[in-house]
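The values are calculated or read from the model by the stated rules, or taken from the named source; none is laboratory data. Please read all numbers here as calculations on a predicted model, not as lab measurements. All Cβ positions, even for glycine, are placed from backbone atoms using ideal geometry, and neighbour counts span all protein chains on display. SASA here: full protein model, heavy atoms, side chains in, ligands and nucleic acids out. Shrake-Rupley method; radii C 1.70, N 1.55, O 1.52, S 1.80 Å.
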Number of protein chains: 2
Amino acid sequence: MPEAIDSRQPRKLTMQDVARAAGVSPMTVSNCFRYPERVQEKTRSQVLRVAAELGYVPNLSAGLLAAGSSRVIGAVLPSMRNSSFYRYTAGLREGAAERGHAVITMIAETPEEELAAVQTLLGLRVAGLALVAGPHAPELRRLAGLSSTPVVESWAGEDAIGRGVGYDVGAASSALTRHLIAQGRRRIGFVDVAGGGGMRYSMRLPAFRQEMFAAGLPDDLVMTIRAADGFGAGAQIVDDFLARDRRIDALLCPTDVVAAGAIFECNRRGLAVPVEIAVAGWGDYDIGRQITPTLTTVAPFSDAIGRGAIAVLLDAEERARAAPLRTGFEILPREST
Amino acid sequence: MPEAIDSRQPRKLTMQDVARAAGVSPMTVSNCFRYPERVQEKTRSQVLRVAAELGYVPNLSAGLLAAGSSRVIGAVLPSMRNSSFYRYTAGLREGAAERGHAVITMIAETPEEELAAVQTLLGLRVAGLALVAGPHAPELRRLAGLSSTPVVESWAGEDAIGRGVGYDVGAASSALTRHLIAQGRRRIGFVDVAGGGGMRYSMRLPAFRQEMFAAGLPDDLVMTIRAADGFGAGAQIVDDFLARDRRIDALLCPTDVVAAGAIFECNRRGLAVPVEIAVAGWGDYDIGRQITPTLTTVAPFSDAIGRGAIAVLLDAEERARAAPLRTGFEILPREST
DNA sequence: TTCTAGATTTGTAGCGCTACAATGATTTGT
DNA sequence: ACAAATCATTGTAGCGCTACAAATCTAGAA
């Protein structure tokens, strides 16, 4: 008695199969997906219907190999730990979608992981590669330069890998410092970040110093922390500044999260914000809008950075320009200052 | 005068080029990357050195096409808006790295975007596809079923697409409810989420009701909100519960973020937490550890979910099992209850 | 009806890489 | 010293798709 040989395993579908099922040539199927307008409406809908029925999805790898180009952009993110890159990724997706591209992202928390991610993405032969400024593996720059894949570095300055896209961090730092000075603050403490993501904000401190110096105020109330994540850092800062007995009347934090942590700590200690001490954050996070008092912050137009990155990647003319693409920012004065 | 024709454009490098430069056959270059142990140490290091010098990165698409399999896992995330998926993605990356795979992720905020993302990932012929439970496009399940790519759905229950991986949300909800009851709370308000991500937590409410009923307590103090993001929702909840004049003595929130918002609102109104009202969150976010009072919450072992998802995807035996892969969770009692 | 421009559709020839089998080089056993 | 076994390396064929040119069809124009 012959067993019913029923390979439940759905055999790999190819364009060939769809073509056969729809009664057209493989080339027509290909055209339906890539250049729909080249195919007669009737034929196209028929082919697409059959394809959907079979669950056929074109093999992008084969397509890329044959056509030499894909419609996928690769992005590397330094972390997902906090929400600061949310609007950036949204901008990337919007910009890409408008031009018929998809965005795949890889998360890399160390320079080594980043390098590996870039190799994978380059291996996939993405149409463009969006990096984020930060500490990179030395090898990365060379690799990017040798590759013919367009590269942009977001939040980067003059020495970007590929072309830089981002807002003028120095100008934002100046503006925020001037805002505090204008409010009558005199002893302004500045919190710097060492390591991770540091390069992304390396212009904050010099700009702060310059403004303070220009106003004849002390520019040496500076403290450096290791990581800008978590509320804990904010508490730490307040502790440290008070331990050193520095009577500061304002505090510039590297992120809203740190600033929020600082405010929590001030509340705990009964230090009135903003009366006794003003606190400013950076980045316009959700939390800054919600805590009491609401937090003064710098709002970068991160979605514009994402969209700008895509524009640079997909437009050779844009890419050829040397100067970084500058996006905007805004100082949001709120209750905490 | 003949112009110097100097195509700065680095011509596309192929394995062929590397082979020529290294004085070996293309096949040997291929082996160096794919099966290093098959090649003599001396030859291998020489080839790899030449490749690095030229900036050659193997074309994964071509490799996939030829070999029929890739070492890339695709993951779709519902959002990056908050940090709840951070540990999940970390688990995915760790699990994948251990088995020599890379993870690429796509962010999708609507069922339509999710479907498009799945199509792209399937088009890339990833070795496995990791989904997250939530509202899906109807087409998605069919597509996943027809495809021969392994699929898992994280945070999913019995009716998962592919195999489900996640902790027992119902059990966690029961445990948290019992915790509050044990603390002497009697009128416990429950906040449910409609829409986005709702399915991921659909077992929370029934479990809550059952525990309350079993304890002879009111199980109808339920409120539904649309989105679980942002502190605003927390404030809203407190407003609404008070507006309806329901004297609740405890509040179960869908996420720590919402719970934090609720606590902020309570502070604003002078409602003492936990004396007058206990507040519990869900998800063990950073903020829950930092606010005053610290927040009681449910800590899912999200990295275990990520690692489990990879294990299921890459191990056919695992994949064949029907019951969802269960990961653990923990109730973290803190100051707010 | 015949012819032509235009719209559609269809072969052909690879894209860069790897499975597989076959070759060449080297060592081991006797 | 020679066959056998082991190891390292190399052709060959083809993965699924698309650029391109060639073939076919359609609808007027003459």
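Numbers at a glance
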| read-out | value |
| --- | --- |
| Residue identified as crowded, with 20+ Cβ neighbours inside 10 Å, more than 9 Å from every other protein chain (Cβ to nearest Cβ) and touching a helix residue (DSSP H, G or I) at 6+ places or on another chain (Cβ under 6 Å) among A:91, A:74 | A:91 |
| Counted residues, segment A:158-193 - those being in contact (Cβ under 8 Å) with a residue 40 or more places away in the chain, surrounded by 18 or more Cβ atoms within 10 Å (Cβ to Cβ) and aliphatic (A, V, I, L, M) | 8 |
| Any hit, segment A:123-143, residues being among the charged types (D, E, K, R), touching a residue at least 24 places away in the same chain (Cβ under 8 Å) and open to solvent by less than 50 Å² (accessible area, probe 1.4 Å) | no |
| Flag for residue A:221 being touching a residue at least 24 places away in the same chain (Cβ under 8 Å) and open to solvent by 40 Å² or more (accessible area, probe 1.4 Å) | no |
| Leading residue by the ranking (farthest from DNA strand C (Cβ to nearest atom)) among those in segment A:66-82 that are assigned to a loop (DSSP other than H, G, I, E, B) and small (Gly, Ala, Ser) | A:79 |
| Test result for residue B:100, more than 8 Å from chain A (Cβ to nearest Cβ) and either farther than 30 Å from residue A:141 by Cβ or part of a loop (DSSP other than H, G, I, E, B) (or both) | yes |
| Number of the condition not met by residue A:14 [criteria: (1) in contact (Cβ under 8 Å) with a residue 12 or more places away in the chain; (2) within 12 Å of DNA strand D (Cβ to nearest atom); (3) crowded, with 16+ Cβ neighbours inside 10 Å] | (3) |
| Residue match in segment B:274-284 (condition: under 30 Å from residue B:163 (Cβ atoms), among the aliphatic types (A, V, I, L, M) and either assigned to a loop (DSSP other than H, G, I, E, B) or open to solvent by less than 20 Å² (accessible area, probe 1.4 Å) (or both)) | no |
| Test: residue in segment A:103-120 that is among the aliphatic types (A, V, I, L, M), open to solvent by 10 Å² or more (accessible area, probe 1.4 Å) and more than 10 Å from chain B (Cβ to nearest Cβ) | yes |
| Residue pairs meeting the criteria (Cβ under 8 Å; at least 6 apart or on separate chains; first away from chain A (no Cβ under 14 Å), in segment B:20-36; second in a loop (DSSP other than H, G, I, E, B) and more than 7 Å from DNA strand C (Cβ to nearest atom)) | B:28/B:39; B:31/B:39; B:32/B:39 |
| Residue B:268, sole failed condition from (1) modelled with pLDDT of 90 or more; (2) open to solvent by 10 Å² or more (accessible area, probe 1.4 Å); (3) not small (Gly, Ala, Ser) | (1) |
| Some residue of segment A:232-248 being open to solvent by less than 40 Å² (accessible area, probe 1.4 Å), over 17 Å from residue A:189 (Cα atoms) and either assigned to a strand (DSSP E or B) or within 14 Å of chain B (Cβ to nearest Cβ) (or both) | yes |
| Condition check for residue A:69: out of contact with any Leu (no Cβ under 7 Å at 6 or more places or on another chain), within 12 Å of DNA strand D (Cβ to nearest atom) and modelled with pLDDT under 90 | yes |
| So residue A:56, is it open to solvent by less than 40 Å² (accessible area, probe 1.4 Å) and of a type in the set (Phe, Trp, Tyr) | yes |
| Of all residues making up segment A:163-193, the number that are at negative phi and assigned to a loop (DSSP other than H, G, I, E, B) | 5 |
| Every residue from segment B:50-65 that is within 9 Å of DNA strand C (Cβ to nearest atom) and assigned to a helix (DSSP H, G or I) | B:60, B:61, B:62, B:63, B:64, B:65 |
| Those residues of segment A:150-160 which are in a loop (DSSP other than H, G, I, E, B) and at pLDDT 95 or above, in sequence order | A:150 |
| Tally, over segment A:286-323, of residues that are open to solvent by less than 20 Å² (accessible area, probe 1.4 Å) and within 30 Å of residue A:148 (Cα to Cα) | 8 |
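Here's the yes/no breakdown for (1) small (Gly, Ala, Ser); (2) over 21 Å from residue B:124 (Cα atoms); (3) part of a loop (DSSP other than H, G, I, E, B); (4) more than 9 Å from DNA strand C (Cβ to nearest atom):
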position	(1), (2), (3), (4)
A:13	no, no, yes, yes
A:17	no, no, no, yes
A:21	yes, yes, no, yes
A:24	no, yes, yes, no
A:29	no, no, no, no
A:37	no, yes, no, no
A:45	yes, yes, no, yes
A:48	no, no, no, yes
